[in-house]
Amino acid sequence: MKQLSQIYTVLLLITCLNGCTSISYYTQAISGHLALTMAGKPVDSYIASHETPDGLRNKLIVSRQARHFATERLDLPTGNAFKDYVALDHSWVVVNLVAVPEFSLQAHQWCYPVLGCQAYRGYFHLEDAELEEQRFQAKGYDTFIGGVTAYSTLGWFDDPLHSGFTNLSDDRMVALMFHELAHQVVYIKEDTGFNESFATAVELEGLKLWLAHQGEPSVFEQALVRFELRNKTYALVESASVDLKNLYRQQGILSDSRLRKRKRLIFEELNASYEGLLDDENQRTESRGNREEIKGPFGTPPVAFNNARIALFKQYNQYVPAFRQLLKQSDYDFPTFYRAVKSLSRQPDGQRQQMLQDLSERFKEHF
């Protein structure tokens with residue numbers, strides 16, 4: 001009952017600090033996680049059972065191997081994470097809401113005890129997220145709700161493996177496991193971009209090593225295409241972000257109608273650039289004999305771009321080059337790398353961001 005008592009201890013703390021207006025949100029979060037945890041059964045029992053479909057059994061065997069690799073090669077704190085398995089009714093485990101003012105790229109921050117503030121809010125039920133979204137839309141905010149395949153409790157609880165993982169290809173499942181485990185290494189309150197970019201960097205570099213360990217060069221080539229496409233997409237988003245920031249500085253000078261018109265044109269240009277990027281990548285892969293259509297980070301265009309989608313994408317990718325450079329400077333020794341990241345996390349906000357920017361500028365792709 002250790003896990004159950006931990007959950008209710010946190011609930012009591014949150015209730016005392018936040019009052020009745022927040023109880024409904026925290027109740028759904030805690031009850032949702034509790035239901036997920038209670039539904040789990042040991043991965044080993046699924047592997048041993050004759051009733052387990054071969055496809056699922058193979059996925060679970062890979063997940064067990066990946067846990068071992070995460071511990072031994074990446075020095076990640078696996079603990080009891082991913083030892084249980086849960087079959088979900090849908091492809092996502094939670095949905096995240098992001099809300100950004102109409103003429104800004106600074107996402108609204110939701111603040112929590114212990115965890116600090118985050119630029120998104122997670123819900124186990126879509127209708128709850130949609131109700132909150134409507135409140136922000138009534139204030140003129142850009143919003144986005146996206147399904148989340150997995151989440152981390154930062155090592156407080158034993159996060160289970162679930163069908164959101166096993167429905168992915170082997171390499172994507174393993175990468176996602178590395179990402180979620182990385183959140184247990186370091187976490188900064190108030191800095192979603194730091195936390196997610198660090199976990200994404202561990203995901204990418206960990207997957208590279210995993211695929212080399214598995215002796216699967218063809219799979220690595222496919223992963224490399226995704227890495228490169230993510231980088232190219234980020235460059236497009238960053239360019240659009242610069243234009244948007246310059247536009248939003250004119251708030252109070254230009255009328256709202258003119259701001260909206262120019263904002264719409266910037267997103268239309270981003271859509272055209274993104275579509276052109278995917279066309280080029282698909283033509284390149286076809287020339288190599290691969291006829292499988294490449295889907296970018298935002299899916300198939302046209303994309304309903306808005307401030308919220310841009311802000312969310314940047315949170316996961318903003319500092320990835322910086323962390324990969326820091327790993328390179330650590331001679332790809334993960335314990336040394338984690339110590340450097342923790343040291344960086346203790347720097348004042350402005351100094352930390354400048355150091356990350358400097359690291360990003362020195363990074364050169366080494367795949």
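Numbers for the structure displayed
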| item | result |
| --- | --- |
| Test for Trp92: is it touching a Cys at 6+ places or on another chain (Cβ under 8 Å) and either closer than 21 Å to Pro160 by Cβ or hydrophobic (A, V, I, L, M, F, W, C) (or both) | no |
| Count of the range 300-339 residues which are without any contact (Cβ under 8 Å) to a residue 24 or more places away in the chain, assigned to a helix (DSSP H, G or I) and crowded, with 16+ Cβ neighbours inside 10 Å | 1 |
| Strands (runs of 3 or more DSSP E) (entirely within the range 84-164) containing at least 1 residues that are within 14 Å of the chain's Cα centre (by Cα) | 94-100, 116-118, 121-123, 142-148 |
| Matching option when the condition is buried (at least 16 other Cβ atoms within 10 Å of the Cβ), under 26 Å from Leu168 (Cβ atoms) and at pLDDT 95 or above, among Ala48, Ala66 | Ala66 |
| In the range 340-367, the residues that are under 20 Å from the mean Cα position of the chain (by Cα) and either outside any helix (DSSP H, G or I) or of a type in the set (Val, Ile, Thr) (or both) | Val341 |
| Selection status of Tyr141, at pLDDT below 95 and either in contact with a helix residue (DSSP H, G or I) (Cβ under 8 Å, 6 or more places away or on another chain) or among the basic types (Lys, Arg) (or both) | no |
| The lone exception for Thr71 - which of (1) more than 13 Å from Leu181 (Cβ to Cβ); (2) free of Cβ contacts under 8 Å to residues at least 40 places away in the same chain it fails | (1) |
| Any hit, the range 246-260, residues being within 22 Å of the chain's Cα centre (by Cα), touching a residue at least 60 places away in the same chain (Cβ under 8 Å) and either buried (at least 17 other Cβ atoms within 10 Å of the Cβ) or within 29 Å of Pro321 (Cβ to Cβ) (or both) | no |
| Some residue of the range 199-208 being within 21 Å of Trp92 (Cα to Cα), more than 14 Å from the chain's Cα centre (by Cα) and not polar (S, T, N, Q) | no |
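The values are calculated or read from the model by the stated rules, or taken from the named source; none is laboratory data. Please read these numbers as outputs of a predicted model, since none were measured by experiment. Please note: Cβ atoms are built from the backbone with ideal geometry, for glycine as well, and neighbour counts cover all protein chains shown.
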